[in-house]
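In what follows, a single structure is set out as structure tokens and then discussed.
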Amino acid sequence: MALHVIVGAGPVGTATARLLAARGEEVRLLSRRGGGPDGVQLVAADASDAATLARHTSGATALYSCAGPAYHRWPTDWPPLGAALLHAAESSGAVLVTTGNLYAYGAVDGPMTEQLPARPNSVKGEVRAKLWADALAAHEAGRIRTAEVRGSDYLGAGALSAFTALVLPKILAGKRAAAPADLDAPHSWTHVGDVARTLVAVAADERAWGRAWHAPTAPAMSVRRLATRAAELAGAPAARVTTMPAVALRLAGLVNPLAREMVEVQYQLRAPFVLDSSAATAAFGIEPTPTDDALRETIGGLREPARS
């Protein structure tokens, strides 16, 4: 039984841990608080401490980076964590598979494929581009084996995005919601379970290493249509969504760190933002979770605290 080490107990890390445990693998999940699902070894640790992470990764077959530093702390918190992950992968020999995103591409015209160059137009995009460049350089130098799995805004239990934070709770409560978006622009939404399935598939296939993959993602759907469908599935009143002016988000950012950090990446919601994930589906046979199923899980996750 192989040891799989996961860093981060968020929605993707939790989904990955459950998937591996269900397959009978030995799973060790590291997070600052030491939380996570049943059936896996839970460890409270600071993964940005290189020595600590290397110790917990010793003997592992695969190391999965599913961590998510606070949005406003990416420039300070990601570099030491990225360096620790590279050190752990090199010292243990474990293949490092990182959960990435689409920020490094910057604003693009047309569907995003893995062949697009890194042209970040935001501070957060520059951070993500540097993390992957460092990992790929170590891979090409023969120091580590690595790959990256990228997704768009998440749907699923615990998923955090502009839609799940600003729109969906209002829709479920029968209230009007405002989104910093072109409500009718096509937008890709990736299910966290599909990210987990792709991470595991990539880790197990050496032919998949040394490159980035897009997690299988359902056909794009606008914010307005997603909100409408969420209300229908939840049995809530008809969705009412309006566009939040850019200036409103900037004003909110004066007091809200999350809103402040969203300003530079508004381009992702103000124009078409479509992910082409056909390569991963062809390579691994992973079909994306239908959007209705992903929405049901997202809604269930938001309603769960109310039941407890």
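The values are calculated or read from the model by the stated rules, or taken from the named source; none is laboratory data. Not measured: the values here are computed from a predicted model. Here the Cβ positions follow ideal geometry from the backbone for every residue, glycine too, while neighbour counts run over all protein chains shown. The accessibility values were calculated without ligands, DNA or RNA, using every heavy atom of the protein model including side chains. Shrake-Rupley method; radii C 1.70, N 1.55, O 1.52, S 1.80 Å.
Placing +1 on the Cβ of each Lys and Arg and -1 on the Cβ of each Asp and Glu in the chain, which of P117, S58, T76 has its Cα farthest towards the positive end of the resulting dipole?
Ranked along the dipole, the leading option is T76.
Given a 1.4 angstrom probe, I'd like the percentage of the accessible area of the stretch 1-58 that is carbon and sulfur, rounded to a whole number.
After summing per-atom areas, the C and S share lands at 45 percent.
What whole-number value in Å² describes the accessible area per residue of the chain for a 1.4 Å probe?
Result: 43 Å² per residue.
Using 1/(1 + (r/R0)^6) with R0 = 22 angstrom and r between the beta carbons of E114 and S58, what's the FRET efficiency to the nearest 0.05?
FRET efficiency, E114 to S58: 0.10.
List the residues, sorted by chain then number, that are 5 or more residues from L3 or on another chain and whose placed amide H is less than 5 Å from its amide H.
Correct list: T61.
Take each of the peptides 288-295, 244-251, 211-218, average the number of other beta-carbon atoms within 10 Å over its residues, and list them starting from the highest.
Ranking the peptides 288-295, 244-251, 211-218 by packing returns 211-218, 288-295, 244-251.
Could you tell me what fraction of 2.2 N^0.38 Å the Cα radius of gyration of the stretch 105-211 comes to, as a two-decimal ratio?
1.30
Mind checking which of G285, S92, H187 is farthest towards the positive end of the chain's charge dipole, using Cβ charges of +1 (Lys, Arg) and -1 (Asp, Glu) about the Cα centre?
Ranked along the dipole, the leading option is H187.
Charges at C-beta only: +1 for Lys and Arg, -1 for Asp and Glu. How large is the resulting dipole of the chain about its Cα centre, in Debye rounded to 20?
That gives the chain a dipole magnitude of about 820 debye.
Would you mind checking the radius of gyration and Dmax of the stretch 9-98 based on alpha-carbon positions, in Å?
Cα-based Rg and Dmax for the stretch 9-98 come out at 12.4, 37 Å.
Using only alpha carbon pairs under 8 Å that are at least six residues apart, calculate the relative contact order of the stretch 159-308 and give it in whole percent.
Reported as a whole number, the value is 35 percent.
Picking from A294, V223, W213, whose Cα lies most toward the positive end of the charge dipole for the chain (charges on Cβ: Lys, Arg +1; Asp, Glu -1)?
Among A294, V223, W213, the one farthest towards the positive end of the dipole of the chain is V223.
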